[in-house]
């Protein structure tokens, strides 16, 4: 994530030996871009709330298609199921975590600014066919 936000012409090859290695300075620059340069920040793990926030910020009514998973996981994989992370051997992406934290802060701030919560989004959810909240 940091790479795409700070490199002028990013390569799509993640194993490219010439690919610039990201630093905490890069992460801070990327985080600043997220804070200052994005009209909207949604969070995948909070998809329904993100859709509702988007409509509160920019207008329009919620549609069922807003909540449709257009890129479903392969069979047997789901974000709702714990998966084995032992392959990572404890590795943690502390550079991208800085950017994610900034994005999450923007998201939380906008939830408050636009008075968006699961309870205030019931009409949106209803229009979108969402019944989980």
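Things worth noting here:
- Residues that are modelled with pLDDT of 85 or more and closer than 30 Å to residue 21 by Cβ number at least 1 in the following helices (runs of 4 or more DSSP H) confined to segment 31-133: 94-113.
- Applying the set (1) more than 16 Å from the chain's Cα centre (by Cα); (2) touching a residue at least 40 places away in the same chain (Cβ under 8 Å); (3) closer than 30 Å to residue 26 by Cβ to residue 92 leaves exactly one unmet item: (2).
The values are calculated or read from the model by the stated rules, or taken from the named source; none is laboratory data. Since the model is a prediction, treat every value here as computed from it, not as a measurement. Every residue, glycine among them, receives a Cβ derived from its backbone with ideal geometry; neighbour counts consider all protein chains shown.
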